[in-house]
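All remarks here apply to the structure that follows.
The values are calculated or read from the model by the stated rules, or taken from the named source; none is laboratory data. Source: prediction; values computed, not measured. Cβ placement follows ideal geometry from the backbone for every residue including glycine, while neighbour counts extend to all protein chains displayed. SASA here: full protein model, heavy atoms, side chains in, ligands and nucleic acids out. Shrake-Rupley method; radii C 1.70, N 1.55, O 1.52, S 1.80 Å.
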Amino acid sequence: IDATAMNAKLIVHRRWLWRRWLLVIVSGIFLGASFPPSPLYSFAFVAFVPFFFVWEECKTYREAFHFTYLFLFVFHLITLYWQGGYAIAKDPWLMISNVALIFIHPLFYLPFLMGAFFVRRRTNSPIGLAAFAFLWISFDYLHSFGELSFPWITLGNSQAYDLVRIQIAEYTSVYGVSGYLFAFNIAAFLLLWNYAKGVSTWNSTTVRINLGVLVLAFFLPWVIGAALMRTAEAARGTQLKVGLVQPNFDPWEKWGEGFATKWDSYALQFHTFLHESKTLAKDSVDLLIWPETAIPFPILHPKYSAQREELSALVESLKTPVYTGFPVIEYFSKEKAPVTAQQIGTSNTYAESYNSAALFIPGGEISKVYRKVILVPYGERIPYAETFRFLIEPLKWNVGISSWGKGNDTVVVHWKRGIDTTRFGGMICYESAYPDYVRGFVRNGAEFLIVVTNDSWWGNTSGAYQHATFGSFRAIETRRWVVQCANGGISYITSPHGSTVKSIGMYEKANMVSSIETLSSETFYVRHGDLFALSCLFSGGLLVLYGVTQKKRLE
């Protein structure tokens, strides 16, 4: 009899465990499927509900830890699978780093979410769920700082295709979008949980409150967004015609792979841009834009004076400036060399390369060179290289992009056009994922924004599409035109209300001309920054402190 009873309990426990696993996996799938390029962004409104059912039943930190990790793992697997470059499979290091990212990065969330579980154990479900939302948003915000930062999968980014609702980013940045998603998820869960447990009836005050929150969280952002969108569409400035060159060079061949010498590849690329720019100039463009490291050699170095003269001659003949990416080399003595600098032969001279961009202007002028400040962790630079010097040599790999130097300042380009001066901010690739960083360019006077990038390392997978959607958020937050020029796609022009006016798809060789406008007004977000995210951080901290003062424990 005892054995039969034990077997029955074991069967029940297994079914109970499988049900939990299934719910958690469903939540991870729903959340991952809500991110671009999936059109199922509305899944994010209910993605947390199945997980909350499991979270509510967890009695121990161990249970909460395991199920939360599983949820986050599935979410990461769906949204970040592309970073391994499996579609191209040219670099084993990319694959290894992607596996590490998917398994390790979920752990970054857990201190915050375990803090929310602590609050729930000490208080009750609604307060615990509020702590969960505040602390998740706090993590997304704090994770946009430091050399290990990675704001790519900030929750609100999932709604990039829902242009009307995300207009509130003009006030709250992307974190406000996360806020209304959590409000809907929590209200939906409490409604279903309380009814399933018989705690409330459909006529109770609790139900009415939750239904009210559901309606407000879903419709209020739409109503506000529609009004803000009309205002943004009405904004007018000085027109500027820009021309973009998307050459679609293979990103691996770009650095010499498959060519007899690297210079064969470099020369082909450089002269392709010169030729395509002459074609574009027939449309009387005001500004030509080339992508990230379009010039793959340090053109400002005396060694390449002939190529610089060719570029200057092009700019002069077309009477049109060219904004382009290129590497910059800086030399140091052994005593002053940064830890990431490379020794030149056996000499005491060391060199540091920077991923850079600048504007080449008629008359032989060149703007201040911008050196990329925010570098992709491990892909472009070993995080905290100066602190953990012993990691530098073992972790370097030879893909040509793993040891860039780090810039230290934003640069707003001041471009004299007759008696007027046009100001714009230029970013390189990954930097457009950072709301506060992009905000800094506008605070310093940028009237429109340029992103130069090379997003074709990973094949035609989700990464480039996810990156392209950041332009909508940055445009709305700052109410600026955003122009992205990519090597192999996606190149686009985005209006101040976040819609894509014109674009070139992945792996297309094409040019594009479009008009944009220079704007100078500042949004609430540009003026005041991340007040919403900071209020979430403050509120989450208060709830944790409140939990500390409570004695209640879940049995």
So the check is Cβ under 9 Å with 6+ separation or different chains; which pairs have a first residue in segment 354-365 that's acidic (Asp, Glu) and a second one that's assigned to a strand (DSSP E or B) and open to solvent by less than 10 Å² (accessible area, probe 1.4 Å)? GLU365/LEU359
Can you tell me which residue among ARG15, ARG20 is at pLDDT below 95 and surrounded by fewer than 17 Cβ atoms within 10 Å (Cβ to Cβ)? ARG15
Taking SER284 as the residue in question, decide whether it is free of Cβ contacts under 8 Å to residues at least 60 places away in the same chain and at positive phi. yes
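Looking at segment 244-267, which of the residues that are outside any helix (DSSP H, G or I) and over 25 Å from the mean Cα position of the chain (by Cα) is nearest to LYS90 (Cα to Cα)?
The extreme case among them is GLU257.
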Within segment 228-259, count every residue that is open to solvent by 30 Å² or more (accessible area, probe 1.4 Å) and on the phi > 0 side of the Ramachandran plot. 2
Could you give me the residue pairs with C-beta distances under 6 Å whose first residue belongs to segment 410-425 and is over 18 Å from GLY325 (Cα atoms), whose second residue is in a strand (DSSP E or B) and of a type in the set (Lys, Arg) wherever it lies, and which are 6+ apart or on separate chains? none
Looking only at segment 303-357, which residues are open to solvent by 30 Å² or more (accessible area, probe 1.4 Å), assigned to a strand (DSSP E or B) and within 20 Å of TRP263 (Cα to Cα)? ILE329, SER353
With the requirement that a residue be assigned to a strand (DSSP E or B) and either among the aromatic types (Phe, Trp, Tyr) or free of Cβ contacts under 8 Å to residues at least 12 places away in the same chain (or both), what does segment 463-521 give you? TYR492
For segment 58-80, how many residues are open to solvent by less than 40 Å² (accessible area, probe 1.4 Å) and part of a helix (DSSP H, G or I)? 10
Name every residue in segment 528-540 that is without any contact (Cβ under 8 Å) to a residue 12 or more places away in the chain and over 11 Å from TYR175 (Cα atoms), in order of residue number. HIS528, PHE538
Can you tell me which residue within segment 435-444, out of those that are open to solvent by 10 Å² or more (accessible area, probe 1.4 Å) and in contact (Cβ under 8 Å) with a residue 40 or more places away in the chain, is farthest from VAL322 (Cα to Cα)? ASP436
Conditions first: (1) open to solvent by less than 40 Å² (accessible area, probe 1.4 Å); (2) touching a Phe, Trp or Tyr at 6+ places or on another chain (Cβ under 9 Å); (3) farther than 23 Å from LEU537 by Cβ. PHE103 passes all but one, so which condition is the exception? (1)
